[in-house]
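Scroll down for the structure; my scribbles are underneath it.
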Amino acid sequence: MYAAPFDYVRVGSWADGVDALVRHGEVARVIAGGQSLAPMMAMQLVVPEVLIDVGRAAPREVRRADDHVSIGALVTHGQLISSPVIAEYFPVLAEAAAVIGNVRVRSRGTIGGSLAHADPSAELPCVAVALGARVAVVGPDGGREIPASELFVSHFETSLRPGELLTDVLVPLPVSGTRTAFAEFSRRPGDYALVEAAATLAVDEDGAVSDVHLVLGAVGAVPLDVSSFCADLVGRVPHDAELRQAAESVARGAELEASGQVSMTYIRELVEVVSIRALRASSPSAMRGSEK
Amino acid sequence: MNTVPITLRVNGRPVAASVTPNRPLVEVLRDEGRSMDVKVGCGEGVCGTCTVLLDGDPINSCLVFAVQADGAEITTVQGLTDPDEGLHPLKRAFAEHGAAQCGFCTPGMVLTAEWHLRRKRGASRDEIREWLKGNLCRCTGYTKIVDAIESYDRQMEESDV
Amino acid sequence: MSETLAAPRQEQRSRRDELHRDFVEKVSGSLRYADDWSMPGMLHGVVVRATLPSARIVSIDTEQARLFPGVRAVLTAADVPHNVASEDPSGLGNDSVVMPVLAVDRVRYDGEPLALVAAETQEAAEAAAQLVVVDLEEIPGVFSVEAAMAPGAPAVHANGNEFVQWHVGRGDPDTAMEQAHLIVDETYHTQHVDHAYLEPESGIGWIDTDGVLTLRVSTQVIEHARELADILQLPQSKVRVIATFMGGGFGGKEDMTVEPHVALLAWKTQMPVRMVWSRQESLLARQKRHPLTMRYRTGVDASGRILAQDITIYGNAGAYPMLSARVLFASAAHACGPYQVEDVRIRSHAIFTNTVPTSAFRGFGAMQVVFAHEQQIEHIAERLGLPADQVRRINFVSRGVRRPSGETLDTEVSVEDCLDQVRSTLNSVPAAANGVRIGRGVACNMHPYGRNVFIADRASAWMGFEPDGTLVIRCGVTDLGAGQAASLVQIASEILGTTVGRTTVHIGDSALNPLAGGTFASRQLYMSGNAVEQVARELRDLLAPVAAGLLGTAIDELVWVDDTVSPRTRPDSKLELGELVRHAEGMGVMPYAHSTYHAETGSFDPKTGTGRTAPDYTYGAHGVEVEVDEATGLVKVLRYVACHDVGRIISRNRVEGQIQGAVAQGVGYALSEDILIEDGSNTTTLFANYLMPTAPQLPDIETIVLERHLGKGPLGARGIGEPPIGPVASAIASAIHDAVGVRLATLPMTPERVRGAIRANASTNATHTDEAAVR
């Protein structure tokens, strides 16, 4: 089980990374933690001629800025779990990171790598879209920002242009009264989920929903924003019946992709279950009411 | 194929090697580093038998190319030693509780448990089980492994007092 | 005290289990497994495998591979002197069907070995293997038992797709069935599962300085040395197999794995060759557990007493026999479980298909049937409105009862004791909450230990003292992690009073140690244990007169303990064993002995379906508490209690470990493990997709180990390697039913299947309610 032979280039900065990427072109692949790429290379599903290691290109930092938190692309899943800044503003990122793979994968795997890899079953892309995150990229023509919702194009495909590298994940600070949650169903803890859901729910002073986002993962080519099916929640106090109604309409209405592993009937059932679990967990606890 | 010179410290011992970039770390640890206690069970990062600590954190040595680890400090289960006792007390606990049957998962189990134990004392049995989520064992059903880790944890807590 | 009760333990047995060397080496990481050995100038071997399940081999072009830098050999079927990996011996004279080492003309399953490559590096060997050009012409195949049995189905082998059919039974089940108050007719399905031991198949071979082809390999059976000699057309004395401590076996290293490949490559190149199968090729192509379809018709009277049983079992043998004849024989022989049936007919069939071969796996055909016979009990109880335990109890076998084959149980039966223990341990049911329902179930079994008596099994051991009084045991037993070697040390110590630290055991070497037979069929403690007990007694008998003379006491007054011997009445007059041994040698009494233990023998007549089968049984009962998430169908095991009567505990830690490990495998079998085969091709070839249980998915597995009734093993022990895997699936199925009212007849009971059953049940109930409303 050897990866096909390749040349290895380690870069010390993003700028060097962009240079290397431009120099080697399409035959090159970028590796950070490598927890998704390395097994694909070992099975020769991916056969790069050049591997550009950006693992030491930048410090692994989570920084609070004025209106957002900036998470360096090389921040590991393990760091998301232990970061006090993440715990304060986006506990949902830590929640989602905690169910990724196992402790070894979380030691190496990075948030930037996960987003750039664009595996539709991965947890962090789903959460990033729900949180309205943007990614900062650098490329031969300079830097730009891409909303997470526009980053994911299809299975393992992003809107990054040739030569571009994802350097930071910028997550806007939540408005007060916002709660977030992540739920998923997998047949075995740590395995790929059959269905994931990330929810953010903001309530006003009267306890009525002012904003709601629900994004599904693992059921489409990209994270699926199904917030529109929850629109009826806005302006209402999110009692359990309302939440259930929202989850039902998501399960009924969302355009889901068949996974091949299980039936579509079952997938829709799971979508409803996972949606209601995410919505409940993101609702103010006093209003959750009795669970089914 | 060009080779790349790398240097590792394995259990405190320097290991220099010239490697082709596609060689996984686990192979270099076993072949050049003589660390036969690092096992290969699946090559997918799923089973946990190739667990080593890289700069202190547990990793899949099958999913890291050796070139990526250049300069790193690696700890394998044989690097877990106790100056006072012949056998590290966590290893002793594993042996006394019959927590190893075939023994193939044991190095990874011991390393993973030790890493978590350094971060948390007095964990519940459920928490210990959660720690071991990524380390498969096909022989024991995990009960005696949890017994061993729990008993070591208690023993350490007592000696701290 | 009844004579069947276990004798009280000797004082020395009450001491804490001593730390055996195997434990210490394993926790230290210093134990060397097969893949950890290397040799100077070693080559690396790789298998080229078929990529279609059914095809004609048009050509295999090895030219390019041979020219690849570093390649030393590329072999195909034409290079194999005698291209027969195995001819299946059931012991009952059925036709054999040849499995080639490397396929000739025809590919019969996806992943079948076609060619071998040896090169100077693993990477070169893998690269060269990709350069072997294999031209396959796909031909129609049969990918399920149903397809294989259909009229006009393509034949996997020349003699048709039914490899073997067994019949076991007695009485007149048809007439008895007519008398039945109720007939329960249900069909059960089980799946392909993988052994998934963590150590992949691996070994190294070389021509040793004595000219003997020597393999150091991860195997349960060193006796394969003889088959290897036949393959290479060498004298059997010219092949030696050394077994390493295995990183798990579970039956998967009972058939040969890398051995013939390593042997061929080493012989052809005359260089050392190592071969390690990747996890993915192991999942793809190494043999699995037989999926069975089991139809049970059971006739009972109004009290639930079983009057008649008619059982038909079909097993998917895959593309080659391997051990299918024996496995399906076991399914038939043990299909009725621990229940008495006077009028019974059992037929089992092993069917060839173009799928991955199936063979030995812990439980060996006798574990799949537990799911069926226990669920039958549940169905009977439900339809009669009786507690299932009551139905069990009135039907349990007991000593002296005749089994379906007509043989009589000749040791005490403790299945009811086990059931009582489990019931009293599982207490009241916690309330359900949050869409999660709690349920519990029990299941019982009897599982044979030791090979069928018509095989005339035997095991040999040698034992001797060094002049310093340390003990040496030589026995060809292999150790798959259950402590087979350590148990022998323990047994010797019971007879000779030797201590663990002063005993060395040499195992698993076909050239230097007396052969003991493989480690399978829960036979190793029974067979090698008895051999070691026997030879230890012989050795003691040799030395006892010398000791008695030196100590001035009678032979039967001698006490052997802590590496000394002393008169019972004068414990202070100790003689060190070393001193005794030196005296004995001085007198010409040599302090060593060799002995062979012969298992009891008997015969079985396949024509009448009657005769003797297993030497003896281990009984057990399991109880489980599960929670079922009705919304997702996910089943979580909350509590598990397993009770077995092992007759006599040799090592408590290891007995408990066997039970716990078997239960964990059983939980995977029940709930999640499945090798999926689509159009003949195995699609579960990643470890990530093979869902064996992880630590958070399992509770503490509580064990209750009884020493109630002595068995036929050393010191009265009964085998425990396989028995505890049997009851798990049925206990869980019953617990799911208890929780949510649905009963699944197909394994594994995945979340999707459980959810599907709940959904179907809900719509049926809704229909019923509607109908009731209309009425």
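Brief remarks on what is shown
- Sorting C:569-577, C:98-106 by average packing, meaning the other beta carbons within 10 Å per residue, from highest down gives C:98-106, C:569-577.
- Convex hull volume of the range C:527-570 per residue (C-alpha atoms, cubic angstrom): 69
- Rg(Cα)/(2.2 N^0.38 Å) for the range C:395-496, N = residue count: 1.74
- When the other protein chains are added to the chain by itself, burial of at least 10 square angstrom of heavy-atom accessible area (probe 1.4 Å, ligands and nucleic acids ignored) affects these residues of the range A:163-202: A:PHE185, A:ARG187, A:ARG188, A:PRO189, A:ASP191.
- Protection proxy ranking for C:527-540, C:503-516, A:141-154, using the average of other Cβ atoms within 10 Å per residue and placing the highest first: C:527-540, C:503-516, A:141-154.
- Helix B:143-160 axis, angle to chain B major axis (alpha carbon atoms, nearest 10°): 80
- Partners for C:LYS253 among lysines (Cα-Cα distance below 30 Å; same-chain residues under 8 apart left out): B:LYS39, B:LYS91, B:LYS133, B:LYS144, C:LYS26, C:LYS238, C:LYS268, C:LYS288, C:LYS712
- Disulfide-incompatible cysteines by the Cβ rule (no partner under 4.7 Å) in chain C: C:CYS336, C:CYS444, C:CYS475
- Equivalent-ellipsoid semi-axes of the protein assembly as shown, from the Cα gyration tensor, Å, largest first: 49, 38, 32
- Residue-span extension gain [A:VAL47 to A:GLU26] - 0.36 nm each, minus C-alpha spacing: 6.4 nm
- Solvent exposure of chain C as accessible area per residue, Å², 1.4 Å probe: 33
- Relative contact order, percent, the range A:85-219 [alpha-carbon distance under 8 Å, six or more residues apart]: 25
- Projected label distance in nm at A:GLU257 and C:SER398, using a 7 Å step from Cα toward the beta-carbon: 6.5
- Point-to-point label distance, C:SER30-B:ASP57, nm (Cα→Cβ direction, 7 Å offset): 3.3
- As an equivalent ellipsoid, chain B spans semi-axes of 29, 17, 13 angstrom, where each value is the square root of five times an eigenvalue of the C-alpha gyration tensor, largest first.
- At R0 = 51 Å, FRET efficiency that the Cβ-Cβ distance of C:GLU137 and B:ASP31 yields, to 0.05: 0.80
- Cα-centre dipole for the protein assembly as shown with unit charges at Cβ (Lys and Arg positive, Asp and Glu negative), debye to 20: 1420
- Per principal axis, descending, Cα span of the range B:97-139 in whole Å: 28, 21, 17
- Residues in the range A:107-141 that a label on A:HIS155 would reach, taking backbone N under 12 Å of a point 7 Å out along Cα→Cβ: A:119-121
- Accessible area buried by the pairing of C and A, both sides summed with a 1.4 Å probe, works out to roughly 1900 Å².
- For the range C:328-400, Kirkwood radius (reciprocal of mean inverse C-alpha pair distance, Å): 14.0
- Averaging 1/r across all pairs of distinct Cα atoms in the range C:449-551 and inverting the result yields a Kirkwood radius of 14.0 Å.
- Accessible carbon and sulfur surface of the range C:561-614 relative to its total accessible area, %, 1.4 Å: 51
- Taking every protein chain into account, the 1.4 Å probe leaves C:LYS268 with about 100 Å² of accessible area, to the nearest ten.
- Stokes-Einstein translational diffusion, the range B:23-104 - Kirkwood Rh over all Cα pairs, 1.567 mPa s, 4 °C, in µm²/s: 96
- For the range B:22-105, with +1 on Lys and Arg beta carbons and -1 on Asp and Glu, the positive-most of B:VAL40, B:GLN68, B:PHE94 along the dipole: B:VAL40
- Partner chain coverage, peptide A:6-14 - average Cβ within 10 angstrom: 3
- Peptide A:104-112 has a mean of 6 when you count, residue by residue, the C-beta atoms of other protein chains within 10 Å of its C-beta.
- With all protein chains in place and a 1.4 Å probe, the accessible surface of the range C:20-154 carries 53 percent carbon and sulfur.
- Taking the C-alpha atoms only, the angle from helix B:106-119 to the longest principal axis of chain B is near 70 degrees.
- Estimated FRET transfer efficiency when R0 is 60 angstrom, pair A:ARG236-A:ASP16 (beta carbons, to 0.05): 0.70
- Length added when fully stretched, C:MET149-C:LYS607, from 0.36 nm per residue minus Cα-Cα: 162.6 nm
- 10 °C / 1.306 mPa s Stokes-Einstein diffusion coefficient of chain C, Kirkwood radius on C-alpha pairs, µm²/s: 58
- Peptide A:262-270, shielding by other chains (average Cβ, 10 Å cutoff): 4
- In the protein assembly as shown, helices alone account for a calculated mean residue ellipticity at 222 nm of -8500 deg cm²/dmol, with every DSSP H run of four or more residues adding -39,500 (n - 2.57).
- Cα pair distances exceeding 18 angstrom across the range C:46-149, given as percent: 54
- Accessible surface buried once B binds C (1.4 Å probe; total of both sides; Å²): 4000
- For the range C:618-775, the Cα gyration tensor yields ellipsoid semi-axes of 35, 21, 13 Å (square root of five times each eigenvalue, largest first, whole Å).
- Kirkwood estimate for chain A, i.e. one over the average of 1/r between Cα atoms, Å: 19.5
- Short-range pairs are left out: with C-alpha atoms under 8 Å and at least six residues apart, the relative contact order of chain A is 15 percent.
The values are calculated or read from the model by the stated rules, or taken from the named source; none is laboratory data. Small disclaimer: the values here were computed from a predicted structure and weren't measured. Backbone-built Cβ (ideal geometry, glycine too); neighbour counts: all protein chains shown. Heavy atoms of the whole protein, side chains included, go into the accessibility calculation; ligands, DNA and RNA do not. Shrake-Rupley method; radii C 1.70, N 1.55, O 1.52, S 1.80 Å.
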